[in-house]
1. Pairs under 9 Å by beta carbon, first residue loosely packed, with under 10 Cβ neighbours inside 10 Å in the stretch 28-48, partner of a type outside the set (A, V, I, L, M), six or more apart or different chains?
2. Restricting attention to the stretch 9-18, which residues are over 19 Å from residue 61 (Cβ atoms) and either under 15 Å from the mean Cα position of the chain (by Cα) or not charged (D, E, K, R) (or both)?
3. For residues that are polar (S, T, N, Q) and more than 22 Å from residue 65 (Cβ to Cβ), scanning just the stretch 21-55, find the one that is farthest from the chain's Cα centre (by Cα).
4. Within the stretch 2-19, can one find any residue that is part of a helix (DSSP H, G or I) and either at pLDDT 95 or above or touching a Pro at 6+ places or on another chain (Cβ under 7 Å) (or both)?
5. Taking the condition under 17 Å from residue 17 (Cβ atoms) and modelled with pLDDT of 95 or more, does residue 32 pass?
Amino acid sequence: MTDNQEFKNGLERFLNKVELKKQAFREAWMREHKKNPKHFPLDMPDGNEGLWYEFFYNFLLQEGDTL
């Protein structure tokens, strides 16, 4: 296996993990949104879009993972 193949395989594994975590975050958020839409909105006001990163990172920490 060449260095490029090793990098690609490692990168692909990482990206697959990100995709799984993204799906888990969406499912958890939607579940909480149904219970409490005010605290788990589906849209952010202009200028606050960066909060999604914070929410996602907090989700990862609660799951015991930082990718």
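The values are calculated or read from the model by the stated rules, or taken from the named source; none is laboratory data. Keep in mind the model is a prediction, meaning the values are calculated, not measured. Cβ: placed from backbone, ideal geometry, glycine included. Neighbour counts: every protein chain shown.
1. From the stretch 28-48, the pairs are 34/40; 39/32; 39/33; 42/29; 42/33.
2. Of everything in the stretch 9-18, those that are over 19 Å from residue 61 (Cβ atoms) and either under 15 Å from the mean Cα position of the chain (by Cα) or not charged (D, E, K, R) (or both) turn out to be 9, 10, 11, 15, 16.
3. Ranking the candidates gives 36 first.
4. Yes: one or more hits.
5. For residue 32, the condition - under 17 Å from residue 17 (Cβ atoms) and modelled with pLDDT of 95 or more - is not met.
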